[in-house]
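The values are calculated or read from the model by the stated rules, or taken from the named source; none is laboratory data. On a predicted model such as this, the values are computed, not experimentally measured, just so you know. Reconstructed Cβ throughout: ideal geometry from the backbone, glycine too, with neighbour counts over all protein chains shown.
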Amino acid sequence: TTMNATTTTMNATTTTMNATTMTRTTMMNATNARVVMTKRCAGARTTRANARVVARAQPKEAPVLPYRIGHGFDLHRLESTAEFPELKLIIGGIEIPHDRGCVAHSDGDVLMHCVVDAITGALGLPDIGQLFPDTDPKWKGQTSDVFVVEAVRLMELEGYSIGNLDVTLIAQRPKISPHKDKIRANVARVLGVHESVVNVKAKTHEKVDSLGENRSIACHTVIMLYKN
């Protein structure tokens, strides 16, 4: 009787172990199935994402945008007019009295150069250095209004007009405020727009680096174009 009881106990233990093994196997199979499904889902998502990327990367034609925004930046080195008397400081087509002038291939008008880059940038066209390279002698000493007029011509060919222009000049000296009205009026004239759509601001550089040490002058411009 004792031996039969022992055998029965062993059989029960074996049955329990087999059940435990089967449960573990079932759990592992379920886990593996979930992993496979997860990978399949991830693969499907990746395939769909790739399909979307391909579709977006191959538009049939360029979109016609109602508005375009462009940014321009330029910086020119300043040198003493006592040492280089031929140098001038011209901003927005206005000559500003100063003891330093811009070193540049053309007239060095940092503001007008920025306007050109803002317009061409908004249209996705080449920048001023590509349109009017400083390696070309015909642009030597050229007044920058010529560059702006050409940028405006290209803009009109694309069917756009100027919405507004915002200008930020950065110079430690001279003070720009006394000349802002003249600069604004002349920029508007060259662009062929009303003065109300042109804004001119000026900042110092708190005596930091070349701008703050009166060794350079810089400008930022932002322009908005709208479709005619």
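Taking Arg77 as the residue in question, decide whether it is assigned to a strand (DSSP E or B) and either modelled with pLDDT of 95 or more or touching a strand residue (DSSP E or B) at 6+ places or on another chain (Cβ under 8 Å) (or both).
Working: assigned to a strand (DSSP E or B): yes; either modelled with pLDDT of 95 or more or touching a strand residue (DSSP E or B) at 6+ places or on another chain (Cβ under 8 Å) (or both): yes.
Criteria met by Arg77.
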For the range 169-194, which residues satisfy the criterion of being without any contact (Cβ under 8 Å) to a residue 60 or more places away in the chain and within 14 Å of Gly93 (Cβ to Cβ)?
Lys180, Asp181, Ala185, Ala188, Arg189, Gly192
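Anything in the range 97-143 that is part of a helix (DSSP H, G or I), modelled with pLDDT of 90 or more and small (Gly, Ala, Ser)? List them, or say none.
Taking the range 97-143 and keeping what is part of a helix (DSSP H, G or I), we get 110-123, 128-131, 137-139.
Adding the requirement that they be modelled with pLDDT of 90 or more leaves 110-123.
Listed by number, the residues that qualify are Ala118, Gly121, Ala122.
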Quickly run through the range 127-149 and pick out the residues that are touching a residue at least 24 places away in the same chain (Cβ under 8 Å) and of a type in the set (D, E, K, R).
Asp134, Lys140, Asp145
